[in-house]
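A quick write-up on the structure given underneath.
Since every read-out is calculated from the coordinates, none of them should be taken as a lab result. The model shown is predicted, which means the values in this text are computed figures rather than measured ones. Cβ atoms come from the backbone with ideal geometry, glycine included; neighbour counts cover every protein chain shown.
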Amino acid sequence: MALSESDICIAILNWNGLHHLQRFLPSVVQNSGSARICVIDNASGDASVSWLRDNFPAIELEVLDRNYGFTGGYNRGIARLNAELIVLLNSDVEVRKGWLSPLLARMNQNGVAACQPKILALHNPDQFEYAGASGGFLDFLGYPFCRGRLFDTCEPDTGQYNDARQVFWASGACMMVRRKDYIDAGGLEERFFAHMEEIDLCWRFLNRGLEVWVEPASEVLHLGGGTLAKSSPRKTFLNFRNGLAMLYMNTHGFQTFGIILLRLILDGLAGIQFLMKGEIKNCLAIIRAHFSFYADFGYWSSKRKTNSEKTRVRIPESILFRSSLVLQYFLRGKKRFSDMKFQ
């Protein structure tokens, strides 16, 4: 039986984001039809909760006892929600009329565990937004990129990526998931706290034989940088540490250690680049990221074992990029997704 809008719950995670709720929540309420809306609050210290109760009493509210981060907050909130489909929606996303229907139609296909819309930049709606663009991919060293965004280069949207297709990962800024698949896969990795967590989750979906899609017939606008600025050393630490852990947990065999070694070299070069720019704190964040990864090696190894036991199929070649994004972007000057050649 096909699912309908009433089977959807839009889950918005909030932590001291009153200004985002005031600006963006009205568009979600206005344009989401019969879907339920729930705000999961990570023990905010601002007036978010009282403002929601006063201004949007019909919206469901799950107030957590402390800040569990993006990962823990969503895991606890989704565990309490009774809905077939959950939309993980950032609080700084503006949605357009009719945005849910294409995502719902895609999720009604057998085997689809997650999908995302086309994500455009709020400040420039003719340009793809950094966090997801038109669907995400990984290179063999674990560097993420998107249709419409390679590293910090975001392409203008001219309709070149309007086709729906399978992707490696869907953006946590706006991702519809089947709740059962989310729970069965273990949810978001809570040690990550934030950053790379949706890629790790989607990788587990793929290893279990499920599909992840982008559906560009749905469009949303994302402000971005609402939690941590792009230049934040904390963000640098989380991205580098989580990237290493994700690679180790989801790859198998001796190839993993060769990949980790190559990442160690490239991460060292990234640290040198930060030093040359005078960004000493970001350089130190990379060093701390590696020490943190090695310090928790036992934990990551236990997760790697579990993931290996749950792996059922090989990931389709059509979504694997077996070359190096660093090589293609920095040495060969390829700045557009359409320049990337998949096997």
- Based on the mean of other beta carbon atoms within 10 Å per residue, what is the order of 293-299, 317-323, most packed first? 317-323, 293-299
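Is the chain rounded, prolate or oblate when judged by the Cα gyration tensor, a ≥ b ≥ c being the square roots of its eigenvalues, rounded requiring a/c under 1.5 and prolate requiring a/b larger than b/c?
On the way: a/c = 1.42, a/b = 1.33, b/c = 1.07.
Because its axes are fairly even, with a/c under 1.5, the chain counts as rounded.
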- Message: Filter Lys305/Lys341; Lys97/Lys118; Lys118/Lys335 down to the pairs with a C-alpha to C-alpha distance above 21 Å, please.
- Response: Lys305/Lys341
- Item | Where a label projected 7 Å from the Cα of Met1 along Cα→Cβ would reach, residues of the stretch 78-106 with amide N under 15 Å | 83-85
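How much length, in nm to one decimal, is gained on full extension between Leu264 and Leu61, taken as 0.36 nm per residue of separation minus their Cα-Cα distance? The partial results should precede the final answer.
Values: separation 203, 0.36 × 203 = 73.08 nm, distance 4.27 nm.
Taking Leu264 through Leu61 to full extension adds about 68.8 nm, to one decimal.
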- Distance from the stretch 111-168 to the stretch 264-322 (C-alpha centre basis), Å: 21 Å
- Net length gained if the chain between Asp163 and Ala79 were fully extended (0.36 nm per residue, minus Cα distance): 26.9 nm
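Do the sum for the chain: with -39,500 (n - 2.57) for every DSSP H run of n ≥ 4, divided by all residues, what is the mean residue ellipticity at 222 nm, to the nearest 500 deg cm²/dmol? Please report the intermediate quantities before stating the final value.
On the way: 10 runs with 129 residues, N = 343.
My calculation for the chain gives -12000 deg cm²/dmol from helical runs alone.
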- Item | Added length on full extension, which subtracts the Cα-Cα distance from 0.36 nm per residue, Ser338 to Asn110 | 79.2 nm
- Message: Let me check against my output: what whole-number percent is the relative contact order of the chain, with C-alpha pairs under 8 Å and at least 6 apart?
- Response: 18 percent
